[in-house]
1. Hey, can you tell me all the residues within the stretch 99-124 that are buried (at least 20 other Cβ atoms within 10 Å of the Cβ), outside any helix (DSSP H, G or I) and not hydrophobic (A, V, I, L, M, F, W, C)?
2. If I filter the stretch 413-420 for residues that are farther than 30 Å from Arg22 by Cβ, open to solvent by 80 Å² or more (accessible area, probe 1.4 Å), modelled with pLDDT under 75 and not acidic (Asp, Glu), do I get at least one hit?
3. Which residues, counting only those in the stretch 266-285, are closer than 16 Å to Gln333 by Cα and loosely packed, with under 12 Cβ neighbours inside 10 Å?
4. Contact list please: Cβ distance under 9 Å, first residue in the stretch 358-373 and farther than 24 Å from Ser28 by Cβ, second residue among the small types (Gly, Ala, Ser) and open to solvent by less than 100 Å² (accessible area, probe 1.4 Å), pairs at least six apart or on different chains.
5. I'd like to know if the stretch 115-130 contains one or more residues that are under 52 Å from the mean Cα position of the chain (by Cα) and at pLDDT below 90.
6. Given the criterion within 39 Å of the chain's Cα centre (by Cα) and within 29 Å of Arg293 (Cα to Cα), identify the matching residue among Glu44, Glu54.
7. Tell me the residue from Asp407, Asp425 that is in a loop (DSSP other than H, G, I, E, B), at pLDDT 70 or above and either in contact with a His (Cβ under 9 Å, 6 or more places away or on another chain) or not aliphatic (A, V, I, L, M) (or both), please.
Amino acid sequence: MVHSFQMLSVKKCQSFVCHVLRIFVPVSFLFGFLLFITFQSEKESDLRLLSAEEKNVVHRKADAMANLIRYISTDLLVVSNLHELQDYLREDSFDSSDLENDLLFFSKIKGQYDQIRYINRFGNERVRINFNEGDPEVSPPEKLQNKAQRYYFRQSLLLDKAEVYVSPLDLNVENGEIEIPYKPVLRIATPIFSERGQKTGILVFNYLADKLLNVMDNMDITTRGDFSVLNPEGYWLQATNSDDEWGFMFAEKSDITFPARHPEVWNEIKVSASGQFQTDKGLFTFHKLYPGRVIRQNLRLGNMEFPAVADLNIDVENYLVLLSHIPQTKLQQMTFYHGYALLGLYAFILVCTFVGAWVFARFRIQRLALENNREKLIKDLQMALHEVKTLQGILPICSYCKNIRNDEGYYEKLEGYFSKNSSVDFSHTICPDCLKEKFPDIYEVMKKENKI
């Protein structure tokens, strides 16, 4: 009995679980699929938006840097045509006081040129104004140096009138040593000619490039990635880790380059002026800025009489790579923001689905039990009705032998008829009257023994 009850309970439990799973599994799968599609759509949308934002950041920084380069190139060409400079060349004297005073004033007003120099054709500095951290001063003659071996002097001296040379961006060097603290400078120069058309030397501006590299600090935009500036060889001029910067200026850091760490990315950068692509290391957005082209466009747009910027392979070799890199881990954190929200929603849906499936399964089990009980009751009633119908009505019975006539018209024994048409079984015995009539001796004995 106990075992049967346990088996019945187990079957009911299994039936209940099956009903719960029939509802819970399909609904959970359906909502999971829909939320997965939603997540993929949101992820792609976030990535497109993020990519557009990074392109905008990189291009806006490039535009800001280009504006600064245009600005300093205009300053250079204006100063190169000062009357005081022509007077100094024409008099062919060592009296440079008027020129020095004008350049001193110019340096103080501009506040962004570390040095303003006039170097003669032999490489000797004849006039130098040092910015001196906001307190400009004229360098005394004994501190003037010879720059004949410096690359910017040699290349600038090859230019024609009104041409402009733009140097690579590097650290300032004084007396053969890198100046400490580091001072990033961009040198722009133009040759100076006397009234007789003779090339007498060059005018050089050492632009303090910290402002150029950090131009976004004063802008209302920020990059979500790691922003850096590279030179054409892939050395960092600006990096998230300052230890990676200026590797080409130091022998012990010569192997610290972007191509060494990201060779496949650098191969893509080398062949394009700008672009964006994603690898397993994250999202890369870059733009190349060519200072020579910027100055050339500036002179054309300004309709100035200065006709050209020296080519000298500047456009090919001298450029800055502005690069934004969002690492893959950070990219996943950004794009999976909606994923976390959808995961929470899915968990809530699962709980609601399970509760609903449990309630529905319980209702279903109860309903099935009621239906089973009703069907059993109907069967029982039908069987009882059948039995009642079998024995109701008038039975044709013989007056003498007491045999009953069946539906086929044949007579059969009373006990046989009842056995076939009811659940009644017969056992044979003798009533007292028949016993007295048929077996009087036995009747008398049983009567004495009080058995009848």
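1. Tyr113, Asp114, Gln115, Arg117, Tyr118
2. yes
3. Within the stretch 266-285, just Asp280 meets the criteria.
4. Sorted first by the residue in the stretch 358-373, then by its partner, the list stays empty.
5. Checked the stretch 115-130: no residue is under 52 Å from the mean Cα position of the chain (by Cα) and at pLDDT below 90.
6. From the options Glu44, Glu54, the qualifying one is Glu54.
7. Asp407
The values are calculated or read from the model by the stated rules, or taken from the named source; none is laboratory data. All values derive from a computational prediction rather than experimental measurement. For neighbour counting, all protein chains shown are included, and Cβ atoms are generated from backbone atoms with ideal geometry for every residue, glycine included. Areas reflect the complete protein model, heavy atoms only, side chains present, ligands, DNA and RNA absent. Shrake-Rupley method; radii C 1.70, N 1.55, O 1.52, S 1.80 Å.
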